[in-house]
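See structure below.
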Amino acid sequence: MSYALVTGASRGIGRALALELAHRGYDLLLVARSENQLTDLAREIAERHQHQAKVLATDLAAPGAAATVAAWATRETNQLAILVNNAGYGLWGRFEQLSLPEQQNMLQLNMLLPVALTHALLPALHQMPKAYVLNVASTAAYQAVPSLTLYAASKAFLLSFSRGLRYELKASNVSVSCLSPGATTTSFADRAGMGAELQATANKVSMTAEAVAQAAVAGLLAGEAEIIPGVLNKVSAGLTSVVPKSLVEKIAASIYEKYL
C-alpha cells in the first residue's frame, strides 16, 4: 500500500489532509510534536478508513529534524508516494518588536524544513510509478502583509520553491504542487498571537480545514501547480498581480495593523 507523509499532522489543515488522504486510499506517516494527538488521529484513521497510520512525535524546528524524519520514513516504508510539507506557523506583530529567535524558529519550520525534507525524500519518491509533493503555503504568499511580514515572506519563498522544483521535475514521475489557503478555521490565529477582534474578522470569511483539505488533495492528484481553495481566495490572490503593490500592502495593513 502507498504511503503519504504529513508534517504538522496533529491538528488543523495537517490533520484534515491526513484524513482526506486516508479517505483516498493511502496509509499515513504522521509527524508533529504532540504524540497524544497523533496517536488519536492514527486511531481515527484506522477506525474510519481502515488504513494504517504510523506516528513520529518530534520537534520539527529542531536541528536535524528533516534527517530524523527522512530516516524514520524510509525505515517504515519503501512505498512513499506523497510528501506533504504542512508544518508551519505565523507570528503577528511588528518585525522589530517580535523576538528574533522566535522569528528565526518560524523561518526554520516554514522554509528550511520543507527544503531539507524534500531533498532527503526525493530519492524515495522517485522509486514510485507516480509521486507527489505538496507544499502548504498561504494566500499571504502572493503579497507582502505588514504585521505578518516574515510569515508572508516565508510563504512566498515556499511558493517560488514549489514552482521552480516543479519545473525541474516536469519530466519525472514526481509532481509538485503548492497549496495556498486563505483564512481557515484552525488554531493558526492563536499561535500567531492575534487578538480576539482580528480573529473574529477572519472568521467571517474562514473556510473549514476539511474543505481546504478536500480541494488540496483533489488538486494535488490532478497535478495542479497552485491550489487556492475558495472563490474569494482565488480572486484575492489574482488581484495582487494587477493591483499596484503599494495599494495591496495598504489594504493588508488596514486589516491587520489596526488591531495591534
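The values are calculated or read from the model by the stated rules, or taken from the named source; none is laboratory data. Remember, it's a predicted structure, so these values are computed and weren't measured experimentally. Virtual Cβ from ideal backbone geometry, glycine too; neighbours counted across all protein chains shown.
Take Val243 and tell me if it is over 15 Å from the mean Cα position of the chain (by Cα) and at pLDDT 85 or above.
Here the answer is yes, as Val243 does meet what is asked.
Can you tell me which residue is surrounded by the most Cβ atoms within 10 Å (Cβ to Cβ) among those in segment 1-14 that are touching a helix residue (DSSP H, G or I) at 6+ places or on another chain (Cβ under 6 Å) and part of a helix (DSSP H, G or I)?
Filtering first and then ranking leaves Ile13.
Out of Asn78, Asn36, I need the residue that is farther than 27 Å from Leu221 by Cα and either surrounded by fewer than 16 Cβ atoms within 10 Å (Cβ to Cβ) or touching a Leu at 6+ places or on another chain (Cβ under 8 Å) (or both). Which one?
Of the residues listed, the single one that is farther than 27 Å from Leu221 by Cα and either surrounded by fewer than 16 Cβ atoms within 10 Å (Cβ to Cβ) or touching a Leu at 6+ places or on another chain (Cβ under 8 Å) (or both) is Asn36.
Quick one: Glu168 ticks every box in (1) charged (D, E, K, R); (2) over 19 Å from Ala66 (Cα atoms); (3) surrounded by 19 or more Cβ atoms within 10 Å (Cβ to Cβ) bar one, so which box is it?
Of (1) charged (D, E, K, R); (2) over 19 Å from Ala66 (Cα atoms); (3) surrounded by 19 or more Cβ atoms within 10 Å (Cβ to Cβ), only one is false for Glu168: (3).
Could you tell me whether segment 112-119 includes any residue that is within 18 Å of the chain's Cα centre (by Cα), farther than 27 Å from Lys170 by Cα and in a helix (DSSP H, G or I)?
No: segment 112-119 contains no residue that is within 18 Å of the chain's Cα centre (by Cα), farther than 27 Å from Lys170 by Cα and in a helix (DSSP H, G or I).
Quick check on Leu134: is it surrounded by 16 or more Cβ atoms within 10 Å (Cβ to Cβ) and in a helix (DSSP H, G or I)?
No; evaluated as a whole, the condition is false for this residue.
Which is free of Cβ contacts under 8 Å to residues at least 24 places away in the same chain and under 28 Å from Pro229 (Cα atoms), of Ala32, Ala16, Ala42? Even if it seems obvious, please write down each step before you answer.
Numbers: Ala32 fails: free of Cβ contacts under 8 Å to residues at least 24 places away in the same chain; Ala16 fails: free of Cβ contacts under 8 Å to residues at least 24 places away in the same chain.
From the options Ala32, Ala16, Ala42, the qualifying one is Ala42.
From the list Ala66, Ala42, Ala73, exactly one residue is modelled with pLDDT of 95 or more, among the aliphatic types (A, V, I, L, M), touching a Phe, Trp or Tyr at 6+ places or on another chain (Cβ under 9 Å) and crowded, with 18+ Cβ neighbours inside 10 Å. Which is it?
Only one candidate passes the filter, namely Ala73.
In the set Pro129, Pro123, Pro101, which member is surrounded by fewer than 17 Cβ atoms within 10 Å (Cβ to Cβ), outside any helix (DSSP H, G or I) and modelled with pLDDT of 95 or more?
Residue meeting the stated conditions: Pro129.
If you scan segment 196-218, which residues turn out to be more than 20 Å from Leu83 (Cα to Cα), of a type in the set (Val, Ile, Thr) and at pLDDT 65 or above?
The answer is Val205, Thr208.
Testing Arg163 on (1) surrounded by 20 or more Cβ atoms within 10 Å (Cβ to Cβ); (2) touching a residue at least 40 places away in the same chain (Cβ under 8 Å), one condition comes back false. Which one is that?
Looking at each condition in turn, Arg163 falls short on (1).
Out of segment 206-248, which residues are part of a helix (DSSP H, G or I) and surrounded by fewer than 15 Cβ atoms within 10 Å (Cβ to Cβ)?
Ala218, Val231, Leu232, Val235, Gly238, Leu239, Lys245, Ser246, Leu247, listed by residue number.
For Ala141, state whether it is buried (at least 21 other Cβ atoms within 10 Å of the Cβ), modelled with pLDDT of 95 or more and over 17 Å from the mean Cα position of the chain (by Cα). If you could, list the steps in order and put the result at the bottom.
On the way: buried (at least 21 other Cβ atoms within 10 Å of the Cβ): yes; modelled with pLDDT of 95 or more: yes; over 17 Å from the mean Cα position of the chain (by Cα): no.
Spelling it out, it is not the case that Ala141 is buried (at least 21 other Cβ atoms within 10 Å of the Cβ), modelled with pLDDT of 95 or more and over 17 Å from the mean Cα position of the chain (by Cα).
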